[in-house]
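Peer 1: I have a structure I would like to understand better, so I am pasting it below and will then ask my questions one at a time.
The values are calculated or read from the model by the stated rules, or taken from the named source; none is laboratory data. Everything quoted here is computed from the prediction, not taken from an experiment. Reconstructed Cβ throughout: ideal geometry from the backbone, glycine too, with neighbour counts over all protein chains shown. Just the protein is used for accessible areas: all its heavy atoms, side chains included, with ligands, DNA and RNA removed. Shrake-Rupley method; radii C 1.70, N 1.55, O 1.52, S 1.80 Å.
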Amino acid sequence: MAKWLKEGKSENEIIDADAEVRKTVEDILSDVSNRGDAAVRELSKKFDNYEPENFVLTEQEIENAISKVDKRDIEDIKFAQTQVRNFATKQLESIKDIEVETLPGVVLGHKNIPMNAVGCYVPGGKYPMVASAHMSVLTAKVAGVKNIMASAPPQEGKPHPAIVAAMHMGGADQILCLGGIQAVAAMAIGTESIKGVDMLVGPGNMFVAEAKRQLFGRVGIDLFAGPTETLIIADETSDPEICAIDLLGQAEHGPTSPAILLTTSNKLALDTIEEVERQLKILPTAHIASESWNEYGQVIVCDDIDEMVNVADDLAFEHVQVMTKDPDYFHKNMTNYGALFLGARTNVAFGDKVIGTNHTLPTKKAARYTGGLWVGKFLKTCTYQKVLTDEASALVGEYCSRLCALEGFSGHGEQANIRVRRYGGRNIKPYASAE
């Protein structure tokens, strides 16, 4: 039976914190909905000390920002975007329109239609999340989205050059320098100066994630992508130093980012805990990672590999790094995860930044029912039907008429009956079922 050598905050404590976040977000969304640009400007000044004449960057402002980015950084962004574009393109090629004749004269099909307007949020906060621009903007571009709006918070009172460069290179049609709840609210609701979009995508902190949750329905969203979650699955063959840095490397995202070690080795568990403490003394971001580890970090020891699979599926974490004798066993048997990283040679940072898979992934157990952001999220699969012959219309109409009568839908039934009369020569009386 699984045992916890280290536990994080209780579920009740987390629920209480979430309730406070919900109320804050609700108030801000209401303010933006009621007062538009004025509310957005006040919020930007309050949270980011930034209130430009216009939050939408001009072409000149974009060029100025890009000119400040080091040439090597531009080349690195190009490399990362090439990997993301290549994988997204292959994914798009796997999505097919279909058309099939299901009965003589009856043609059914579906067509994959890109969204018209998407808002991509790129987190800035403690770190400029340049890679998030590739994952959202570039993937939407590959999907064929007509209008892509991208937004990121200011850094030190101005647009972050590398983020602007990544957005522009990824294909953004409009770039906003705006962060937090006010950014996703402005893109979703629309203001006097910012045209609302049809869908919001991109990761963010707990406030951005909650804002997307509350806006869902008014607009579409990709998924609930809150604070980063990382699960390390390891056994006695694993290196505690690698386990520790793979935990802390994600815990540095923020003070509420859970990082968990799941293992069958008590020795590895204890050695990793010790190694985490050693690394926290030298890690430059230890002030954040240590808070996350102390409050949300866990170490769980299981009896065997199957129990690890069960516990991992129950956790349904965003990132799952597998470093065991047989990583493919988890690939074959796990069902709930955002993304798998199989073997010690890969890691979550590769997926976050450069390898080509998308890093916007489900959190808070959403992996039970959805995968992460991908090119298919920007497509609507819409069905259509054609009836090509009188005989087919009359045949389907007779079945439809009787089924409508079974449910008591007279108007529906008459839609079928009139086709039977017109195309089948049957004298069915109005609002009567077919015999």
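Peer 1: Six or more apart or on different chains, Cβ atoms under 9 Å: show the pairs whose first residue is in segment 75-103 and in contact (Cβ under 8 Å) with a residue 60 or more places away in the chain and open to solvent by less than 50 Å² (accessible area, probe 1.4 Å) and whose second is assigned to a helix (DSSP H, G or I) and of a type in the set (Ser, Thr, Tyr).
Peer 2: Pairs that qualify, where the first residue is in contact (Cβ under 8 Å) with a residue 60 or more places away in the chain and open to solvent by less than 50 Å² (accessible area, probe 1.4 Å) and the partner is assigned to a helix (DSSP H, G or I) and of a type in the set (Ser, Thr, Tyr), are VAL84/THR139; ALA88/THR139; GLN91/THR139.
Peer 1: Inspect segment 141-148 for any residue being β-branched (Val, Ile, Thr), touching a Phe, Trp or Tyr at 6+ places or on another chain (Cβ under 6 Å) and under 24 Å from ILE77 (Cα atoms) and give the result as yes or no.
Peer 2: Just the residues of segment 141-148 that are β-branched (Val, Ile, Thr), to begin with: 142, 145, 148.
Filter once more, so that each one left must be touching a Phe, Trp or Tyr at 6+ places or on another chain (Cβ under 6 Å): 145.
Next, from what is left, pick out any that are under 24 Å from ILE77 (Cα atoms): 145.
Yes: segment 141-148 contains one or more residues that are β-branched (Val, Ile, Thr), touching a Phe, Trp or Tyr at 6+ places or on another chain (Cβ under 6 Å) and under 24 Å from ILE77 (Cα atoms).
Peer 1: Only one of ALA339, ALA432, ALA392, ALA366 is at pLDDT below 95 and touching a Leu at 6+ places or on another chain (Cβ under 7 Å). Can you tell me which?
Peer 2: Details: ALA339 fails: at pLDDT below 95; ALA432 fails: touching a Leu at 6+ places or on another chain (Cβ under 7 Å); ALA392 fails: at pLDDT below 95.
Answer to the check: ALA366.
Peer 1: Scan segment 68-90 for residues that are within 16 Å of LEU373 (Cβ to Cβ) and either in contact with a Gly (Cβ under 7 Å, 6 or more places away or on another chain) or among the acidic types (Asp, Glu) (or both) and jot them down.
Peer 2: Listed by number, the residues that qualify are GLN81, GLN83, VAL84, PHE87.
Peer 1: Right, something else. So TYR50 fits all but one of (1) under 28 Å from ASN358 (Cβ atoms); (2) touching a Ser or Thr at 6+ places or on another chain (Cβ under 6 Å); what number is the exception?
Peer 2: Failing condition for TYR50: (1).
Peer 1: Taking only segment 174-185 into account, find how many residues are touching a helix residue (DSSP H, G or I) at 6+ places or on another chain (Cβ under 6 Å) and closer than 12 Å to VAL208 by Cα.
Peer 2: The total comes to 6.
Peer 1: Also, I was wondering about something else. Only one of SER290, SER265 is under 11 Å from ILE233 (Cα atoms), more than 23 Å from the chain's Cα centre (by Cα) and of a type in the set (Gly, Ala, Ser). Can you tell me which? Spell out the reasoning first.
Peer 2: Values: SER290 fails: under 11 Å from ILE233 (Cα atoms).
Only one candidate qualifies: SER265.
Peer 1: Same structure again: Quick one: is ASN417 assigned to a loop (DSSP other than H, G, I, E, B), touching a residue at least 12 places away in the same chain (Cβ under 8 Å) and touching a helix residue (DSSP H, G or I) at 6+ places or on another chain (Cβ under 9 Å)? Break it down into steps so the answer makes sense when it comes.
Peer 2: Numbers: assigned to a loop (DSSP other than H, G, I, E, B): no; touching a residue at least 12 places away in the same chain (Cβ under 8 Å): yes; touching a helix residue (DSSP H, G or I) at 6+ places or on another chain (Cβ under 9 Å): yes.
Answer is no for this residue.
Peer 1: Among the numbered criteria (1) on the phi > 0 side of the Ramachandran plot; (2) modelled with pLDDT of 95 or more, which one does GLY157 miss?
Peer 2: The single condition GLY157 does not satisfy is (2).
Peer 1: Separate question: Taking ALA38, is it outside any strand (DSSP E or B), of a type in the set (Gly, Ala, Ser) and under 23 Å from LEU200 (Cβ atoms)?
Peer 2: Working: outside any strand (DSSP E or B): yes; of a type in the set (Gly, Ala, Ser): yes; under 23 Å from LEU200 (Cβ atoms): yes.
Here the answer is yes, as ALA38 does meet what is asked.
Peer 1: Another question, then. Answer with yes or no whether CYS382 is open to solvent by less than 20 Å² (accessible area, probe 1.4 Å) and either outside any helix (DSSP H, G or I) or touching a His at 6+ places or on another chain (Cβ under 9 Å) (or both).
Peer 2: On the way: open to solvent by less than 20 Å² (accessible area, probe 1.4 Å): no; either outside any helix (DSSP H, G or I) or touching a His at 6+ places or on another chain (Cβ under 9 Å) (or both): yes.
No, not satisfied.
Peer 1: Being part of a loop (DSSP other than H, G, I, E, B) and either out of contact with any His (no Cβ under 7 Å at 6 or more places or on another chain) or acidic (Asp, Glu) (or both) is the filter; apply it to segment 225-236 and report the residue that is most open to solvent (accessible area, probe 1.4 Å). Can you show your working first?
Peer 2: Taking segment 225-236 as the starting set, the residues that turn out to be part of a loop (DSSP other than H, G, I, E, B) are 225-229, 235-236.
The next check asks that each one be either out of contact with any His (no Cβ under 7 Å at 6 or more places or on another chain) or acidic (Asp, Glu) (or both); those that pass are 225-226, 229, 235-236.
Working: ALA225: 5, GLY226: 12, GLU229: 13, ASP235: 11, GLU236: 107 Å².
Selected residue: GLU236.
Peer 1: State which residue pairs qualify: first residue closer than 24 Å to TYR329 by Cβ and inside segment 341-366, second residue acidic (Asp, Glu) and open to solvent by 60 Å² or more (accessible area, probe 1.4 Å) in any location, beta carbons under 9 Å apart, and separation of 6 or more residues or different chains.
Peer 2: From segment 341-366, the pairs are LEU342/ASP328; ALA344/ASP239; LYS365/ASP314.
Peer 1: Pull up segment 40-67, narrow it to residues that are within 16 Å of HIS160 (Cα to Cα) and of a type in the set (D, E, K, R), then point me to the one that is least open to solvent (accessible area, probe 1.4 Å).
Peer 2: By that ranking, first place goes to ASP48.
Peer 1: Would you mind telling me which numbered condition in (1) in contact with a strand residue (DSSP E or B) (Cβ under 9 Å, 6 or more places away or on another chain); (2) over 23 Å from GLY424 (Cα atoms); (3) open to solvent by 10 Å² or more (accessible area, probe 1.4 Å); (4) not in a strand (DSSP E or B) VAL396 fails?
Peer 2: Only one criterion in (1) in contact with a strand residue (DSSP E or B) (Cβ under 9 Å, 6 or more places away or on another chain); (2) over 23 Å from GLY424 (Cα atoms); (3) open to solvent by 10 Å² or more (accessible area, probe 1.4 Å); (4) not in a strand (DSSP E or B) is unmet by VAL396, namely (2).
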